[in-house]
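The structure appears right after this line, and notes come after that.
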Amino acid sequence: MSEHLSGFQGEGGVRWSQPMLRNRLLRVLAPDDFALVAPHLRPVDLQLGSVVIAPDEPTTSCCFVEEGVVSVATVERPTRIELGLVGSEGLVGAMPVLLGDARAPYAHIVQVPGHGLAIPSQALRAAVSRSASLQHTLLAYIQTQVLQLAESIYAQAALNLEARLARWLLMCQDRVSGDAIALTHEFLSIMLGVQRAGVTLALQGLEGAGMIRGRRKRIEILDRGGLEGLTEGSYGVPEAAYARLIEGGRKGAAAEGFRPPPAA
């Protein structure tokens, strides 16, 4: 991944060129702010099912996701519930590290494999302490995470199963390349807080309506507008806030969601 990159040298001798990265937070940083974090970045693989941050354990590093999807979920008590997703728009570990808490009560687990750029928590805190603009950008990102959590709570309480599934599928598609999403029924059952039989029924309902096409461990989005209509406004609020707070209201950014930029 690093052979075509040049610019700031990070850990292990890797050199990072800001415009060639896929993580949207890193790409939007002012050059001086990027220079504060780039020397501490190191590439990491995000393998399916791996735990990026374990619940109630010290958060020693954060991860700017370049490709893949990391799920934020409760521990089993007795049911695991999906609270949010982080993809190439974000930073895994932003809340516990930047809000002054060394531990997170939730699990951060890779649900779509990919890769990212890890940075030690201490190095990120030091960089933020040196730059008000870097702090502003990362706190704005945390604000979008809070909004995502609020909409997840609303959806869980107020929407039916198919509507909740539609919302999660849109959020997952935002964070992957293309229209096909590699998702297991087990992960979908966690996202929806239901048994796998309920997942099957919800998928069948959306497929019968022509909104998706289901394959073994893969779901293809056919009608994005139809899925958005089912969500009753619970999808789009964090996405619009991201465009406004982080990308400066870039035209079309909210409609694009968090789709990753093309690979360089």
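Per-structure values
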| read-out | value |
| --- | --- |
| Whole-Hz couplings from phi, Karplus 6.51/-1.76/1.60, listed for region 97-108; x for Gly and Pro | 6, 7, 9, x, 10, 6, 10, 10, x, 10, 8, 10 |
| Zero-based 5 Å bins, Cα pair distances in the chain, whole percents | 1, 6, 13, 18, 20, 17, 12, 7, 4, 2, 0 |
| Highest-MSF residue in the chain out of Ala30, Ala180, Ala54 [GNM, Cα springs under 10 Å] | Ala30 |
| Cα gyration tensor, region 155-256 - rounded (a/c under 1.5), prolate or oblate | prolate |
| Residue-span extension gain [Ser129 to Glu207] - 0.36 nm each, minus C-alpha spacing | 23.1 nm |
| Among Leu83, Met20, Gly68 the positive-end extreme of the charge dipole of region 8-152 (Cβ point charges) | Met20 |
| Difference of contour (0.36 nm per residue) and Cα-Cα distance, Arg244 to Asp32 | 74.2 nm |
| Amide proton proximity set for Val75, modelled H, under 5 Å, gap of 5+ | Ala107 |
| Surrounding net charge for His115, when Lys and Arg each add one and Asp and Glu each subtract one, Cβ distance under 12 Å | -1 |
| Theoretical gain in end-to-end length, Thr60 to Arg196 [0.36 nm per residue, Cα-Cα removed] | 45.5 nm |
| Estimated [θ] at 222 nm from DSSP helical runs (n ≥ 4, -39500 (n - 2.57)) normalised by residues in the chain, nearest 500 | -12000 deg cm²/dmol |
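Read-outs throughout are calculated quantities, based only on the coordinates presented, and are distinct from any laboratory measurement. Small disclaimer: the values here were computed from a predicted structure and weren't measured. So basically every Cβ, Gly included, is an ideal-geometry build from the backbone, and we count neighbours across all protein chains shown.
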